[in-house]
Amino acid sequence: DRNVVIEEFTGVSCSNCPKGHATIASIEANYPGRIIAIGLYEKNNANTDPNPCTKQDLRTEDASIICGAIFGSVSQLPGAGIDRVIAGSPPSIQLDRSIWPAQVDARIGVTAPVNVSKAPVSMYINSQYDAASRIVTVTVRSVFTQAFNKGVRLTVGVVEDSIIEAQEDNNPLPVHFDTIYVQNHVLRAIISQA
């Protein structure tokens with residue numbers, strides 16, 4: 001079974017972004033354990049800049065690199081790429097929130113040519129952390145399920161959930177800052193080599 005990757009373009013100073021977060025939560029509820037959500041807080045975007053109430057900066061250089069190298073200039077927040085596949089009308093790799101559920105529905109049934117994580121996950125993904133050296137070692141085992149003659153790249157990243165951080169919100173109007181907002185699936189770092 002395919003797991004679908006949603007790379008969400010989001011920011012703490014984006015008053016519409018909580019709607020994107022809610023859309024992803026709804027998709028995750030429809031497909032428990034099958035969605036890999038990654039919140040990309042890129043630099044050099046006013047909507048991702050810390051707002052007057054934030055205590056920490058969620059933006060990362062890694063998110064900026066992904067947004068630029070894979071998705072080009074991010075045109076709107078919230079936005080997302082789903083499995084890095086072009087879809088919608090007009091066709092784009094950057095998708096409007098209104099079509100995320102339909103695109104996930106379309107992608108979830110596509111046969112995955114490579115399995116990375118399946119039960120038990122510990123057999124496929126293993127990590128060890130050495131506190132003394134502060135080095136983490138991650139081993140990923142992948143299994144091809146069909147003939148595949150394209151280049152394959154594996155990206156390993158750290159994503160953090162349950163970060164309490166201020167979020168600009170426009171629901172209800174007027175725009176306000178929710179200072180106890182729970183930020184989920186925040187990309188903290190890419191740890192694999194390019």
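The values are calculated or read from the model by the stated rules, or taken from the named source; none is laboratory data. As the structure is a prediction and not an experimental result, all values here were calculated from the model. Virtual Cβ from ideal backbone geometry, glycine too; neighbours counted across all protein chains shown. Protein only, heavy atoms only, side chains kept; ligands, DNA and RNA dropped before computing areas. Shrake-Rupley method; radii C 1.70, N 1.55, O 1.52, S 1.80 Å.
Out of contact with any His (no Cβ under 7 Å at 6 or more places or on another chain), aliphatic (A, V, I, L, M) and part of a loop (DSSP other than H, G, I, E, B): which single residue out of Ala189, Ala132 fits that description? Before the answer, list the steps.
Values: Ala189 fails: part of a loop (DSSP other than H, G, I, E, B).
Being out of contact with any His (no Cβ under 7 Å at 6 or more places or on another chain), aliphatic (A, V, I, L, M) and part of a loop (DSSP other than H, G, I, E, B) holds for just one of Ala189, Ala132, which is Ala132.
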What are the pairs, 6+ residues apart or on separate chains, where a residue within the range 135-147 that is farther than 22 Å from Ala189 by Cβ has its Cβ under 9 Å from a residue that is charged (D, E, K, R)?
Val143/Lys118
Can you confirm whether Arg84 is in contact with a helix residue (DSSP H, G or I) (Cβ under 8 Å, 6 or more places away or on another chain), open to solvent by 70 Å² or more (accessible area, probe 1.4 Å) and under 23 Å from Leu154 (Cβ atoms)?
yes
Going through (1) more than 21 Å from Asp83 (Cβ to Cβ); (2) under 21 Å from the mean Cα position of the chain (by Cα); (3) open to solvent by less than 60 Å² (accessible area, probe 1.4 Å) one by one, Arg107 fails only at (1)
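Would you mind finding the one in Asp1, Asp49 that is among the charged types (D, E, K, R), open to solvent by 10 Å² or more (accessible area, probe 1.4 Å) and within 27 Å of Gln146 (Cβ to Cβ)? Can you show your working first?
Details: Asp49 fails: within 27 Å of Gln146 (Cβ to Cβ).
Testing whether each residue is among the charged types (D, E, K, R), open to solvent by 10 Å² or more (accessible area, probe 1.4 Å) and within 27 Å of Gln146 (Cβ to Cβ) leaves just Asp1.
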Among the residues of the range 5-28, is any without any contact (Cβ under 8 Å) to a residue 24 or more places away in the chain and either under 25 Å from Ser142 (Cα atoms) or crowded, with 19+ Cβ neighbours inside 10 Å (or both)?
yes
Neighbours by Cβ (under 7 Å, 6+ apart or cross-chain): first from the range 77-97, among the charged types (D, E, K, R); second open to solvent by 30 Å² or more (accessible area, probe 1.4 Å)
Asp83/Val5; Asp83/Arg107; Arg84/Ile70; Arg84/Ile93; Asp96/Gly88; Arg97/Lys19
